[in-house]
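> Mind having a look at this structure? Questions to follow.
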Amino acid sequence: MQEQVSDHLLGSLVDGRYLVRSRLAGGGMSTVYLATDERLDRDVALKVLHPHLTNDQNFLDRLRREARAAASLSHPHVVGVLDQGQDGHIAYIVMEYIKGHTLRDVLNEKSALPPRLAFALIDPVIEGLAAAHAAGLIHRDVKPENVLIADDGRIKVGDFGLARAVTANTSTGALIGTVAYLAPELVLGKPADARSDIYSAGIMLYEMLTGEQPYSGDVPIQVAYQHVNASVVPPSLAVPGLAADIDELVQWCTAKDPEERPVDGSALLSELRHIRTTLSDGQLDISPPAAKALVSGAESGQEAGATAVFAPFHAERTETLERIGRPTEIISSQRNPTTVLPPSGFSPGETTVQAVLPTDRPAPASKRDIKRMARQEEKDRARAAATPSRSLQEGNPRRRAVIWTVVVIVLAILATAAGWFFGMGPGSPGTIPDTKNKTVAEAQQLLRTAGFQSEPRDVFDDQVTAGLAVGTEPASGQVIRKFQPVSLFVSKGPQLFPLTAMTGLTLDQAKNALGTAGMTLGNVTEQYDDKVPSGSVISQSPVQDTAVRHGTPVALVVSKGPQPLPVPDVRGMTQQAAVKAISDAGLTAKIAPEPVNDKKVPAGAVVSQTPANGTLTRGEPVTLTLSKGPKLVHVSSFIGKQADAARKALESLGFDVKINNVLGGFFGTVRDQNPVDSDAPEGSVVTLTVV
């Protein structure tokens, strides 16, 4: 029923501005349409909320606040929010239109992806989340359907802000979200933060690597239960040969306890890029096995993108996933030294190594570092076990005692050296300092003071002044071993691109050229121009070849064509005055070849003009017809004739007649006439004297 109501919007004009052209997608909260912003003449994605979400004014107020917050975030990998409003019963959000497809389409087509492709697709997603987290925004609904891939290869995260507004509008503890990617704390009704987005991204990465989601169920509540009570298994179980670092990355992101996940998108992005640079080509290009049969339509089609509404629940764990290859556990105490215990399942005959570290020394950077060290130790033990050793022959007991004493001393020295190396030396952990906006010398000194050696690398950056430090890899705040390399990124300033010429192009051509160059359309103004055709660009700001950043708005002045000029009325003016008036109006005066007689207009003055009124464009002609003055008419003699007959005859010839009565004009006879028997101008006065 909802779809039928929404389809009534097709072809309609929302808020007097957005012309709805076609339907793009639908979900549990809204329907997305392709629309045209008729004010700016551009395509946009119009998200129209379902009517049941528009009945609460408090919700609409929250939605406006969230939309404004999302609109303040401008990043190449985040879909821009352009507008938000309400037109009657229609509440809508206007977003940047990305022509292309979604990550869900890629997964439906390819199923499991090689690590190199999976990292390449998720890297811009995490970068967009990192920018949002830095701005204080949380997505809350990270999933493949919200990862948009443009036809030109750009990757953007969409739908910021809506999930939070809808969540705030539901009943206490209720939650709206996509179950397959939902963080455990959201299921339990706890507040969301940046780490909730990290969990969803980890689930998404698992699906990209294996071709299926880690949890499935016949109903959404079953999937939600597993998020709370189960642990995501290593993806290498589904893709044999997958690097251990990738397993750790996925399990780090999907830890049930938010404290055990990356703190935000920036921390995850640093680790993701670090892993990608350390893996070999073979590890990055490992081919996933033939994709397993996809789950049922309710799970892979409907469930993967379905939006479920349920109350958070608390349930005790009924099953425990056994850890695969569980590393040595670390138990810390504030009172006692940290003790390394053997793994669970330890049996007699296995060697147990215990080490005691002072409590005032820094702890290892993270569980990931501990796991790496554990793997390295296992490799070292394996190499040592494979190396043949020479057995001591039985001999002099005193000699054996000396040899054992030497061995113990050597081992003690090695243990002391190892303790110093990992406790206070280059192998000890250290926190990377914040170097942003520091000079190179200052940044390197901060890193040296913290015990790190750094290698400067020049990068473009839009915010940091050229010559100052942008940051480090790994990022500031991370704890690593001091012998690990640190890259110091130094800003070269923003990357600039020469602006292409827009003049002479039509407005549509200019828009396409700006999009191809990575720029945006600024203010568009119109003005009259006698030389540039209507609809073409007259000028641009910044001007052609100006070096600007990508995304710079370019203002355009578009021609309205020649300006219409009003035609002045010059009838009755002399020729000279009329020609001057026409020229002053921006038009051209043209004199008709044949003047005409006119009894009212004196000779040399304008009798008529074509056109007489209206408008013309600059330089167009106005034809003027001049007067020859009144024509000459012969005045016959009417002396001796009756005055009335004489009057009628003279008036028919175009004269005005004046009667002077003598003795009262008793007889009505013309006694005298002036002029008489001569030519006179038409319209002149003939005087008759009547007796």
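Readers should treat all values here as calculations from the given coordinates under stated rules, not as data from a laboratory. Nothing here was measured: the structure is a model prediction, and the numbers come from that model. Cβ atoms come from the backbone with ideal geometry, glycine included; neighbour counts cover every protein chain shown.
> Can you tell me which aspartates and glutamates have their Cα less than 19 Å from the Cα of Lys658? Leave out same-chain residues fewer than eight positions away.
Asp644, Asp672, Asp677, Asp679, Glu682
> Taking the highest mean first, how do the peptides 438-445, 528-535 order by number of other beta carbon atoms within 10 angstrom per residue?
438-445, 528-535
> Collect residues whose amide H, placed 1.01 Å from N in the peptide plane, falls under 5 Å from the amide H of Met573; neighbours closer than 5 in sequence don't count.
Val606
> Amide H neighbours of Thr623 under 5 Å, counting only residues 5+ apart in sequence or on other chains, H built in-plane at 1.01 Å?
Residues meeting the amide H criterion: Lys590, Thr610.
> In addition: Translational D (Stokes-Einstein, µm²/s) of segment 197-247 at 25 °C and 0.890 mPa s when Rh comes from the Kirkwood sum over C-alpha pairs?
211 µm²/s
> Please sort 203-214, 218-229 by packing, taking for each peptide the average over its residues of neighbouring beta carbons within 10 angstrom, highest first.
In decreasing order of mean packing, 203-214, 218-229 become 203-214, 218-229.
> Taking each pair of distinct Cα atoms in segment 429-491 once, what is the resulting Kirkwood hydrodynamic radius in Å?
11.2 Å
> May I pose another question? Quick check: net charge around Leu688, other residues with Cβ under 13 Å of its Cβ, Lys/Arg +1 and Asp/Glu -1?
Spelling it out: positives minus negatives among the neighbours equals +1.
> May I pose another question? Using modelled backbone amide H atoms (1.01 Å from N, in-plane), which distant-in-sequence or interchain residues come within less than 5 Å of Leu521's amide H?
So Leu521 has HN proximity to Val554.
> In what sequence, highest mean first, do 676-686, 511-521 appear when ranked by Cβ atoms within 10 angstrom?
Highest-to-lowest ranking by the protection proxy: 511-521, 676-686.
> Under 9 Å from the Cβ of Tyr199, count the other residues' Cβ atoms, weight Lys and Arg +1, Asp and Glu -1, and hand me the total.
Numbers: positive: Arg195, Lys256, Arg261; negative: Glu185, Asp197.
Surrounding charge for Tyr199 is +1.
> For a label point 7 angstrom out from the Cα of Ser684 toward its Cβ, which stretches of segment 645-678 have the backbone nitrogen within less than 13 Å?
The answer is 655-656, 674-678.
> Right, here's the next one. What net charge is computed for the residues neighbouring Ser678, neighbours being all others with C-beta under 15 Å from the C-beta of Ser678, Lys and Arg scored +1, Asp and Glu -1?
-3
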